[in-house]
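A short worksheet on the structure shown next.
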Amino acid sequence: MLNKVKEIYQEIEQWEIQSKDNLEQFRLRYVGRKGIIAELFEQLKQVPQEDRRAVGQELNTLKDFALQRFKESSTSLENARHEEIEVPVDLTLPVVPNLYGTQHPLTIVRQQIIDIFGRIGFSVADGPEIESDWYNFGALNFPDNHPARDMQDTFFVEKKSEGAPADLLLRTHTSNVQIRLMEHQRQNTAFRPIRAIMPGRVYRNEAISARAHCMFHQVEGLYVDRNVGFKDLKDTLYHFVKEMFAKDVKIRFRPSYFPFTEPSAEIDISCQICHGKGCNICKYSGWVEIAGSGMVDPNVLSNCGIDPEEFTGYAFGMGVERITQLRYGVNDLRLYTENDIRFLRQFQGA
């Protein structure tokens, strides 16, 4: 057995490994599970007991030597391959230009909105996208039979029991964060003014088209304190529009209705696509709606544990997609989610 080990040791030393084929043949013959060394270990049990330990040590040494030779040869072949394909550097060639990535247009505009409101004291708040019926509808003064609760408008995700109304849903607006902020005041011994915006994704069961999508982004705002009036709301939104768009943009407030605000108003601005001349974006009226707003309904304040006799507040909400559309002239909402590289590259450096 020891003579056989010495013969194999010499074979391994003399084996020429100059290619991957040679290396693979070496592996199969000596290192593989069915190789010569593995067979010798199987035959070890036939060696007399008094010689078995010495023979076993020689076999282990032989195995380690074969593995070492295999690893060194494998590394040498790999290094030789890299040296063969290495291309010399031509210092006369022009420098390869750096290819910069870009942010998504919705991300750009969302950050611009946050910056504008941040400069006048608004913090940023966030909340869950999967919400309960209470925070999405009930606390916001939605009647039980309001159309927004219907399956045609809302994605419900869970029911308490068979036949019962769904309790969990994908939020249809970021107003749920407003409710959570106002409820948090219950934990404070002294009331602290609430002034925050709530950017985030919302979901509505709508057909996807150039003007609508089942998933979009909103930024809502809330300000609650003593002696907050409608003029404060108007001044805030006037400031936002002038900062986001041109200084000469026209603004108008139209009376409207929302369950959670009273009085309520929708905010229109002169169309930034046609500059008031009329186009398909503004439906040839020269005006485009950008937000809804109003004074927080006393019932909503009461639902959140805030005394409506002592405190008042205003709220507003706008779609980030609509603001982006007007700022950059995007005529199809589907472009935001199609990941068309030709569309996204237009916002490099924005």
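Total residues in segment 280-298 satisfying the condition of being in contact with a Leu (Cβ under 9 Å, 6 or more places away or on another chain) and not hydrophobic (A, V, I, L, M, F, W, C): the figure is 3. When GLY278, GLY294 are screened for being on the phi > 0 side of the Ramachandran plot and part of a loop (DSSP other than H, G, I, E, B), only GLY278 passes. If you check SER285, SER209, SER256 for being closer than 27 Å to ILE306 by Cβ and assigned by TED's automatic domain parsing to the domain that holds TYR314, only one passes: SER256.
Residues in segment 99-131 that are surrounded by 14 or more Cβ atoms within 10 Å (Cβ to Cβ), closer than 28 Å to PHE347 by Cβ and without any contact (Cβ under 8 Å) to a residue 60 or more places away in the chain: 1 in all. Does segment 295-318 contain at least one residue that is crowded, with 19+ Cβ neighbours inside 10 Å, farther than 30 Å from ASN141 by Cα and touching a strand residue (DSSP E or B) at 6+ places or on another chain (Cβ under 9 Å)? No, there is no match, as no residue in segment 295-318 is crowded, with 19+ Cβ neighbours inside 10 Å, farther than 30 Å from ASN141 by Cα and touching a strand residue (DSSP E or B) at 6+ places or on another chain (Cβ under 9 Å).
Considered as a group, the residues in segment 292-329 that are within 22 Å of the chain's Cα centre (by Cα) and of a type in the set (Val, Ile, Thr) include one that is nearest to SER270 (Cα to Cα), and that residue is ILE323.
Considering every residue within segment 76-84, establish whether at least one is modelled with pLDDT of 80 or more and either more than 30 Å from GLN325 (Cβ to Cβ) or not assigned by TED's automatic domain parsing to the domain that holds MET318 (or both). For segment 76-84, residues modelled with pLDDT of 80 or more and either more than 30 Å from GLN325 (Cβ to Cβ) or not assigned by TED's automatic domain parsing to the domain that holds MET318 (or both): present. Based on what the data block shows, is THR61 at pLDDT 80 or above and over 27 Å from TYR30 (Cα atoms)? No. Residue under question is VAL288, and the condition is that it be among the β-branched types (Val, Ile, Thr), at pLDDT below 95 and not in a helix (DSSP H, G or I); does it hold? Taking the combined requirement at face value, the residue satisfies it.
Taking every residue in segment 227-243 that is closer than 23 Å to PHE191 by Cβ and pairing it with any residue that is of a type in the set (Gly, Ala, Ser) and surrounded by 14 or more Cβ atoms within 10 Å (Cβ to Cβ), at least 6 positions away or on another chain, the pairs with Cβ-Cβ distances below 7 Å are VAL228/GLY313; LEU233/SER293. Considering (1) within 22 Å of the chain's Cα centre (by Cα); (2) surrounded by fewer than 17 Cβ atoms within 10 Å (Cβ to Cβ), the lone condition that TRP134 does not fulfil carries the number (1). Scanning segment 195-225 for residues being among the charged types (D, E, K, R) and in contact with a helix residue (DSSP H, G or I) (Cβ under 8 Å, 6 or more places away or on another chain) gives a total of 2. Taken together, ILE8, ILE17 contain a single residue that is assigned by TED's automatic domain parsing to the domain that holds ASN79, part of a loop (DSSP other than H, G, I, E, B) and touching a residue at least 40 places away in the same chain (Cβ under 8 Å), which is ILE17.
Against the definition (buried (at least 20 other Cβ atoms within 10 Å of the Cβ) and in the same structural domain as VAL228 (by TED's automatic domain parsing)), how does ILE323 come out, yes or no? Please lay out each step first, then the result.
Details: buried (at least 20 other Cβ atoms within 10 Å of the Cβ): yes; in the same structural domain as VAL228 (by TED's automatic domain parsing): yes.
Taking the combined requirement at face value, the residue satisfies it.
Residue check: is THR174 in contact with an Asp or Glu (Cβ under 6 Å, 6 or more places away or on another chain), crowded, with 18+ Cβ neighbours inside 10 Å and modelled with pLDDT of 85 or more? So THR174 fits the description; yes. Report yes if some residue within segment 137-147 is surrounded by 16 or more Cβ atoms within 10 Å (Cβ to Cβ) and out of contact with any Pro (no Cβ under 8 Å at 6 or more places or on another chain); otherwise report no. Yes: one or more hits.
Identify, from the list GLU58, GLU50, the residue that is loosely packed, with under 11 Cβ neighbours inside 10 Å and over 49 Å from the mean Cα position of the chain (by Cα). Talk me through it step by step, then tell me what you get.
On the way: GLU58 fails: loosely packed, with under 11 Cβ neighbours inside 10 Å.
Answer to the selection: GLU50.
The values are calculated or read from the model by the stated rules, or taken from the named source; none is laboratory data. All figures in this text were calculated on a predicted structure; none of them were measured in a lab. Here the Cβ is made from the backbone with ideal geometry for all residues, glycine too, and neighbour counts use every protein chain on show.
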